[in-house]
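Each remark here refers to the structure printed beneath this line.
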Amino acid sequence: MERRARVQVHDLWVDLREFHLREINLEIAAGEYFVVLGPTGAGKTVLLETLAGLHSPHRGRILLNGEDLTPLPPERRGIGFVYQDYALFPHLSVAENIAFGLKLQREGRAQDPGPSRRLVIERRVEEISRLLAIEPLLVRRPQTLSGGEQQRVALARALVIEPRLLLLDEPLSALDPQTREGLQRELARLHRELGTTTLHVTHDFEEAAALGDRIAVVNAGRVVQVGAPGEIFRKPASEFVARFVGARNIFQGELRPGEGGYSRLSFAGMQLAVVTDLVGQVQVVIRPEDFILSREPRRSDVCTSCRGRVVELVDKGTLVYVTVSFPFDGAPAPSCDFVGVITHRSLEELELQEGTEVYLAFKASAVHLIPK
């Protein structure tokens, strides 16, 4: 069966009474690793379950390589599904769990009428177990396995049927950080080796950026932006997307005509020359990592610099988020706050603490504008 299926979702609407999907349109290339990113309750799992045939849309179509799957039952769609909680059968061994889908499909009889059905299934189970390095686990029961081992078994069960489309529902969220990182690498390796078209849902942007060729951001049952990870990260299409991917610094601004092809951007008490086709009211987005903090003003023609006071330091382990109030004029209520991020080494070198006066600089190219 062709593993590099092209997926087309056209005007998909799903009504579950308590939740709705609205106007879902997606194009997933054959062999693509596509990630659906969004907060809890956004509709990510409902979308996967609809693609798998567990919910019937009241409008729209789902196509795989041009074939309309919408009227087909789940077992005839050629789709593998891995749930967040693994959904392994506790009364079956690992080998029996992996073989379950093959037996359901009568795969042995259909593919090779010569050898016995049992031998064909056993051979397929051994092959996929070797690929996922879980051969020693085949005789065990799921309840004796770690979370990472259970997830590998669930992946093996989904992949052993050679699906046209692999659906992954928050596959890393229940794992500890070390196991999550290892399985993330494993997913990337499996995709390189097998080339199976994959649709992976998550609420974690770092996970999405590490694995996805492209990302669709969903909110409240709708797709709000689709693009490459860098585009979602650097050029969010809305305030929701900007906040969800950690931009943190979002201000109201106004654009007016300037000189020499530039527009004049006013925001947070500052004026900045920018190149844009937008006019009027905008939202100004600057990522925390695009700020440069120093104890002395920077002398640069390409950077805008402002003086402020540190009002909060938040230690995130490897990085420290620094909130700076601006403008620094001794007033008890500064007009706005900027959030930057630095390493612990920079924190020590700058000798920052709450109340410290600092200079915060950024380039005009770091500013992203969203029309209102």
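A search for C-beta distances below 9 Å between a residue of segment 53-76 that is touching a residue at least 24 places away in the same chain (Cβ under 8 Å) and farther than 19 Å from Gln105 by Cβ and any residue that is among the small types (Gly, Ala, Ser) and open to solvent by less than 40 Å² (accessible area, probe 1.4 Å), counting only pairs 6+ apart in sequence or on different chains, returns Ile62/Gly53. For segment 134-192, give me each residue that is free of Cβ contacts under 8 Å to residues at least 40 places away in the same chain, open to solvent by less than 40 Å² (accessible area, probe 1.4 Å) and not in a helix (DSSP H, G or I). Within segment 134-192, Leu172, Leu175 qualify.
Does any residue of segment 351-365 turn out to be touching a Gly at 6+ places or on another chain (Cβ under 7 Å) and under 24 Å from Ala237 (Cβ atoms)? Within segment 351-365 (the criterion being touching a Gly at 6+ places or on another chain (Cβ under 7 Å) and under 24 Å from Ala237 (Cβ atoms)), the answer is no, since none of the residues qualifies.
You will find that of Val284, Val341, Val320, Val358, the residue that is more than 27 Å from Gly230 (Cα to Cα) and assigned to a strand (DSSP E or B) is Val358 and no other.
If we scan segment 197-208, do we find a residue that is more than 13 Å from Gly38 (Cα to Cα), in contact (Cβ under 8 Å) with a residue 24 or more places away in the chain and either assigned to a loop (DSSP other than H, G, I, E, B) or open to solvent by 10 Å² or more (accessible area, probe 1.4 Å) (or both)? No: zero hits. Residue-level check: of (1) more than 22 Å from Lys363 (Cβ to Cβ); (2) part of a strand (DSSP E or B), Glu254 misses just (1). Here Tyr86 clears all of (1) on the phi < 0 side of the Ramachandran plot; (2) at pLDDT below 95; (3) in contact with a Gly (Cβ under 9 Å, 6 or more places away or on another chain) except the condition numbered (1).
The values are calculated or read from the model by the stated rules, or taken from the named source; none is laboratory data. Not measured: the values here are computed from a predicted model. Because the Cβ atoms are built from the backbone with ideal geometry, glycine has one as well, and the counts that use them run over all protein chains shown. Surface accessibility is based on the protein's heavy atoms, side chains included, excluding ligands, DNA and RNA. Shrake-Rupley method; radii C 1.70, N 1.55, O 1.52, S 1.80 Å.
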